[in-house]
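A.B. asks: Supplied in structure tokens, the structure appears directly below.
Nothing in this text is a laboratory measurement; each read-out follows from the coordinates by a stated rule. Because the structure is predicted, anything quoted here is derived from the model rather than measured. Backbone-built Cβ (ideal geometry, glycine too); neighbour counts: all protein chains shown.
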Amino acid sequence: NHGLQQEAEQWASHCESVSLDLGVKFQCINVNAQKVNGKSLEEIAREARYSAFKTLVDKQDVLLLAQHREDQMETVLLQLFRGAGVKGLSGMPLSAVFGAGEMLRPFLDVSKNEIICYAEENKLQWIEDPSNKSDEFDRNFLRNQIIPQLKGRWPALDKTIARSARHCAKSESISQELAKQLLNNVFNESDQTLDIIELLDLETDQQQLVIRQWFHAMKLRMPSEKKVEKILSEVVQSKTSANPKIQEQGRYVKRYRNKLYCLNQATIDQVVENKAWPNEERQIDLNNGFSLTRESSLDGIPKTLWHKSEISIKFREGSEKIKLPGRKGHHSLKNLFQEKAIPPWERSQIPLIYLNDQLAAISDLWISADFYSVDKVECYQLNYIAGYLD
């Protein structure tokens, strides 16, 4: 129930009545489909109901949707007018993985007229959504104003467009297989990045295919042609010393040392906070979604020193240096991070552990020579862990 029409509650009652007559379990879910900037009301309503459907579909469940052949024709034409590629021109699939189960559209090759005739012959009662008459929405304008003229000239238009959609779907399937192979050749599983050198060895159209498939693999919408071209020209092809970024779907696309990253914008922009770490506590949770823990070890920071010190967690300001065991002199954090190939955007999030206001450790990466001990006393080693522990 989108709640967009005054009659919405009556429609819900009608559906409940039909379900009772059929002996089928009925459930009504209210969704929030209020319009927001940058999205049409149609898009918002569709996303809201599909999100609700996903909460109900478990393994081995099948969600049946009632789109028919004319719905498919409208979808393909709308995609065409938006400049869609082969994927968009494939229209709605007959079947697809959905949530934990599957989605089927059994009426997709059945005409609207056939459905109406069946309903009338069997004396079925149905409700027409009054908003279908409003040409304010693109689909309604197409249905009410454009398609009747097109079908006046080409009566079998719905069948021929459905056939074209099937051809496009086959081409898209082949393209997807190629895209997966190309992506596998440049993809780094460990950090979900792309190898820029390998990527640049591909033809331009293959590079575009890989970028789109990369987004798809991350469960994101495939970016537009314009955005893909921008990623390639401004990020992939930029100088290695540059630090460009492109925003897309709440992500930053950035490069570092010949790797292409797609990063959660909220994580990168997170403002980290200094915290005191009570020395009797094994674990401290940081506001960036990570935890620091201390574990007993034969080397590290002596336990006696730890427990008589005031411990604080701070974050990089830019001038910090540290002396490391077995190495001469003091080293700047910048140089150490470069040695470890830690991307610049991660460096400000890495916790610095201070004992009595002296830098004792950098996350679980390095311990200062002034605080490090081995094989003499019981010690603590630090672990920096993604996600809070129970």
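A.B. asks: Take every Cα pair under 8 Å in segment 8-165 that's 6+ residues apart, average their separations, divide by the length, and report that relative contact order as a whole percent.
C.D. replies: On the way: 147 pairs, mean separation 34.6, N = 158.
It rounds to 22 percent for segment 8-165.
A.B. asks: Stokes-Einstein diffusion coefficient for segment 277-358 at 20 °C in a medium of 1.002 mPa s, Rh from the Kirkwood formula over Cα pairs: what value in µm²/s?
C.D. replies: Translational D for this selection: 149 µm²/s.
A.B. asks: Right, something else. Go ahead and run the numbers for FRET between S171 and K219, Cβ-Cβ distance against an R0 of 22 Å, rounding to 0.05. Don't jump to the answer; show the numbers that get you there.
C.D. replies: Numbers: r = 23 Å, r/R0 = 1.05.
After rounding to 0.05, the efficiency reads 0.45.
A.B. asks: Under the rule a/c < 1.5 gives rounded, and otherwise a/b versus b/c splits prolate from oblate, where does the chain land using the Cα gyration tensor?
C.D. replies: Working: a/c = 3.25, a/b = 2.06, b/c = 1.58.
Since a/c reaches 1.5 and a/b is larger than b/c, the shape of the chain is classed as prolate.
A.B. asks: Specify whether the C-alpha gyration tensor of segment 8-165 places it in the rounded, prolate or oblate class, a ≥ b ≥ c being the square roots of the eigenvalues: rounded for a/c under 1.5, otherwise prolate if a/b is larger than b/c and oblate if not.
C.D. replies: Working: a/c = 1.42, a/b = 1.26, b/c = 1.13.
Since a/c stays below 1.5, the shape of segment 8-165 is classed as rounded.
A.B. asks: Still on this structure, please answer the following. Which chymotrypsin sites (Phe, Trp or Tyr not before Pro) from segment 235-310 combine a DSSP loop assignment with at most 11 other Cβ atoms within 10 Å? The partial results should precede the final answer.
C.D. replies: Numbers: sites: Y252, Y256, Y261, F290, W306; in loops: none.
For chymotrypsin sites (Phe, Trp or Tyr not before Pro) across segment 235-310 that sit outside H, G, I, E and B with at most 11 neighbouring Cβ atoms in 10 Å, the list is empty.
A.B. asks: What angle do you read, to the nearest 10 degrees and between 0 and 90, between the alpha-carbon axis of helix 157-186 and the longest principal axis of the chain?
C.D. replies: For 157-186 against the chain, the angle is about 20 degrees.
A.B. asks: To continue, here is another question. Considering only C-alpha atoms, what is the centroid distance from segment 226-303 to segment 106-175, in Å?
C.D. replies: Centre-to-centre (Cα) distance: 48 Å.
A.B. asks: Let me ask you something else. If I model a spin label as a point 7 Å beyond the Cα along the Cα-Cβ vector, how far apart are those points for D129 and R163 in nm?
C.D. replies: The two pseudo-label positions are separated by 3.0 nm.
A.B. asks: Just how far, in whole angstrom, is segment 182-217 from segment 1-50 if you go by their alpha carbon centroids?
C.D. replies: Each part reduced to its Cα centre gives a spacing of 40 Å.
A.B. asks: Is segment 189-268 rounded, prolate or oblate when judged by the Cα gyration tensor, a ≥ b ≥ c being the square roots of its eigenvalues, rounded requiring a/c under 1.5 and prolate requiring a/b larger than b/c? Could you put the intermediate results ahead of the total?
C.D. replies: Values: a/c = 1.32, a/b = 1.08, b/c = 1.23.
Rounded shape, in that the Cα axes give a/c under 1.5.
A.B. asks: Also, quick follow-up: Among DSSP beta bridges lying fully in the chain, give the percent that are antiparallel, nearest 5. Please report the intermediate quantities before stating the final value.
C.D. replies: Numbers: 49 of 52 bridges.
Around 95 percent antiparallel, to the nearest 5.
A.B. asks: Something else now. Pick out, in residue order, every one of the trypsin sites (Lys or Arg not before Pro) in segment 276-317 that is DSSP loop and has at most 14 other C-beta atoms within 10 Å; say none if there are none. List each step's numbers first, then the result.
C.D. replies: Values: sites: R282, R294, K303, K308, K314, R316; in loops: R282, K308, R316.
Listed in order of number, the matching sites are R282, K308.
A.B. asks: Less than 30 Å apart at the alpha-carbon level, and either on another chain or at least 8 residues along: which lysines does that give for K54?
C.D. replies: K54 reaches K25, K35, K39, K87, K112, K133, K170, K180, K219, K227.
A.B. asks: Using only Cα atoms, figure out Rg for segment 102-173 and give it as a multiple of 2.2 N^0.38 Å.
C.D. replies: On the way: Rg = 15.0 Å, N = 72, 2.2 N^0.38 = 11.2 Å.
In units of the globular-protein estimate, segment 102-173 measures up at 1.34.
A.B. asks: Between the DSSP loop rule and a limit of at most 10 other Cβ atoms within 10 Å, which chymotrypsin sites (Phe, Trp or Tyr not before Pro) in segment 110-209 are left?
C.D. replies: Taking segment 110-209 and a limit of 10 other Cβ atoms within 10 Å, the loop chymotrypsin sites (Phe, Trp or Tyr not before Pro) found are W126.
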